[in-house]
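These notes are about the structure you will find just below.
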Amino acid sequence: MAAASATVTPPISRKDSPDSSTTGSRIVTRRAALASPIAGSSVKREMGEQHQELHSSLAPSHSSSSHPRKISPPSNGATMIATSNGGAAGGVDEIWLTMREEARRDAEAEPALASYLYSTILAHRSLERALAFHLGNKLSSSTLLSTQLFTMFVDTFMEDAEMRETIRADIAAVRERDPACVSFSHCMLNFKGFLACQAHRVSHRLWNQGRQSLALALQSRVSEVFHVDIHPAAKIGRGVLFDHATGLVVGETATIGNNVSILHNVTLGGTGAMGGDRHPKICDGVLIGAGAIILGPVRIGEGAKIGAGSVVLIEVPPHTTAVGNPARLVGGKLKPTKLKDIPSETMDHTSFISSWSDYVI
């Protein structure tokens, strides 16, 4: 009987592997193990142990109730400061605890999802490890293995306290601003804009460390899987929402500030083939509508709004609205209408219509 072929991968230390106390890593490697007749019986025993662990994890804890924990994400994108073990300052990570309660509730309501929710959320001891596991599985390929990606993601997350804090600010922003986001776990599992943004944060750190080949390989996989193309050198702040995200393109020298909301099919692009600083600078609190195109090193001022489908080629002043192709300021260039609220938080895309156009159907 011919021996089964197997892909040889670099060894991963116990420190860097998925949680040894759970079945997270075992799920990743079960297919390879089942290929071996010798390992088959041990895997069957392991699956029985996992079944018992799953029922244990889904059992209601003394501190939980029939209703999920509710917390209000701060409107400015701030959240708890993460510590080295993935928890929040003071040892309590409210977002992670809430996410686990949501996963238990959903697993009880939908048994078909129980194994998926267990391996992706409940089997892990921190939000960072759960996110690394999920991204590793999403972005893996036949030559870029999930175990290798997991190690890369979790190492990067745990080496950078600011990034851990930013992850929570991003997930809180999605939960607060998008009414379609029903829970924190829903965001982490299913919102590709959030996942693409977190993968970019890792590729950006790799780029800054001089590991450009790996950063570009990760960018390519994110583009293929999530249809979001962000150059690893682009700088992105915290509390950012990429809503739907399909078709989002962000160029190499672009910057995106804090508390920004961007819809799908948005391009932050350059002009021509010249190098150097050639991409837009998006300041804090900006809202960019679906299909908007902003070209060149133009500045979009703090708290500004770019209407859907607009083409912006020049600077937009703070707290104003630019609409159209080419984009014009609502209220006129000399006395543009000033926005009172932060558009990235209100997500208001149409309130300018009455003062901008008399268009009727």
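Numbers below:
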item: Cross-link pairs K192/K305; K192/K333; K235/K338; K281/K335 - those with Cα-Cα distance over 30 Å; result: K192/K333
item: Virtual paramagnetic centre 7 Å along Cα→Cβ of E108, amide N under 18 Å, in the range 163-192; result: 183-186
item: Highest average packing first - 310-317, 228-235, 198-205, Cβ atoms within 10 Å; result: 198-205, 228-235, 310-317
item: Karplus (6.51, -1.76, 1.60) ³J(HN,Hα), θ = phi - 60°, over the range 133-148, in Hz, Gly and Pro reported as x; result: 4, 5, 5, x, 5, 5, 9, 6, 9, 5, 10, 10, 6, 4, 5, 5
item: Accessible-area order (highest first, 1.4 angstrom probe) of the listed residues T147, T120; result: T147, T120
item: Probe 1.4 Å - accessible area at E302, Å² to nearest ten; result: 100
item: M158, M188, reordered so the largest accessible area comes first (probe 1.4 Å); result: M158, M188
item: Heavy-atom SASA rank of L334, L287 (probe 1.4 Å, accessible area, largest first); result: L334, L287
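The values are calculated or read from the model by the stated rules, or taken from the named source; none is laboratory data. The shown structure was predicted, so the numbers you read here are calculated from the model rather than taken from an experiment. Cβ: placed from backbone, ideal geometry, glycine included. Neighbour counts: every protein chain shown. Ligands, DNA and RNA are excluded from the accessible area calculation, which covers all protein heavy atoms including side chains. Shrake-Rupley method; radii C 1.70, N 1.55, O 1.52, S 1.80 Å.
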